[in-house]
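Comments concern the structure below.
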Amino acid sequence: QQDAYGNHVARLVFPENTRELVIDVDLVADVTVINPFDFLVAPQAAHYPFQYNDTQRAELVGYLAVEPAGPLLAKWLAAFHAGGYTAGETTTAFLVALNQRLSREIEYLVRVEHGVQTPEETLALGSGSCRDSAWLLVQILRHLGLAARFVSGYLVQLADDASSQESDAGPEHDSVDLHAWAEVYL
């Protein structure tokens with residue numbers, strides 16, 4: 001079956017009672033190194049700030065919805081508007097600068113507690129996990145008029161063949177961890 005968003009959904013029906021359900025998953029993934037800046041920006045979105053057209057706004061309504069800004073987020077947004085960006089700079093440069101600012105202000109830590117911190121909690125603590133920083137970034141982007149979504153998946157870090165043995169350029173061992181990030185529609 002498919003849900004309303006076109007995702008494939010498996011539905012299992014058991015005609016009789018059962019005591020055990022075993023799901024054995026085997027996965028082969030083609031892991032390819034990608035350049036995160038290998039994308040095209042629509043000409044009307046090349047410079048920040050920009051406006052989505054009416055059709056895009058209707059399609060992106062769920063990604064533009066903001067939660068009310070608490071006092072810390074409101075203060076952060078006010079400071080940003082007061083000097084955090086140069087109107088008319090390229091959207092890519094704007095987004096990189098925004099990410100760099102959050103990276104400086106919010107310490108990354110592994111947090112095993114359940115759930116996602118609110119933007120207020122993350123700003124008050126000055127720290128959070130990837131999911132906390134991602135949710136803060138989503139809310140900041142939405143308050144700035146950009147359609148953004150919270151995404152979760154996996155972070156795959158592969159050990160470099162020879163370079164990691166010569167320097168500490170990468171991890172010594174392959175690792176896969178849960179990860180979260182923000183995506184913005186350009």
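Side notes on the structure shown:
- Residue within region 30-38 that is modelled with pLDDT of 90 or more, among the hydrophobic types (A, V, I, L, M, F, W, C) and either farther than 25 Å from Pro119 by Cα or out of contact with any Phe, Trp or Tyr (no Cβ under 6 Å at 6 or more places or on another chain) (or both) present: no
- Matching option when the condition is closer than 27 Å to Ala148 by Cα and not polar (S, T, N, Q), among Val25, Val61: Val61
- Pairing each residue of region 1-18 that is among the basic types (Lys, Arg) with any residue that is open to solvent by 90 Å² or more (accessible area, probe 1.4 Å), provided the two are 6+ apart or on different chains, yields C-beta distances under 7 Å for Arg11/Gln1.
- Among the residues of region 129-151, those that are within 20 Å of Lys75 (Cβ to Cβ) and either more than 15 Å from the chain's Cα centre (by Cα) or modelled with pLDDT under 95 (or both) comprise His143, Leu144, Gly145.
- Check on Thr55, open to solvent by less than 100 Å² (accessible area, probe 1.4 Å), over 30 Å from Thr91 (Cβ atoms) and of a type in the set (Val, Ile, Thr): no
- Qualifying residue in region 60-75 (condition: open to solvent by 50 Å² or more (accessible area, probe 1.4 Å) and in contact with a strand residue (DSSP E or B) (Cβ under 6 Å, 6 or more places away or on another chain)): yes
- Identity of the residue in region 51-70, closer than 14 Å to His143 by Cα and part of a helix (DSSP H, G or I), that ends up farthest from the chain's Cα centre (by Cα): Val61
The values are calculated or read from the model by the stated rules, or taken from the named source; none is laboratory data. What you see is a predicted model; the values in this text were computed from it and never measured. Please note: Cβ atoms are built from the backbone with ideal geometry, for glycine as well, and neighbour counts cover all protein chains shown. Each accessible area value is taken on the protein alone, full model and side chains, heavy atoms only, with ligands, DNA and RNA left out. Shrake-Rupley method; radii C 1.70, N 1.55, O 1.52, S 1.80 Å.
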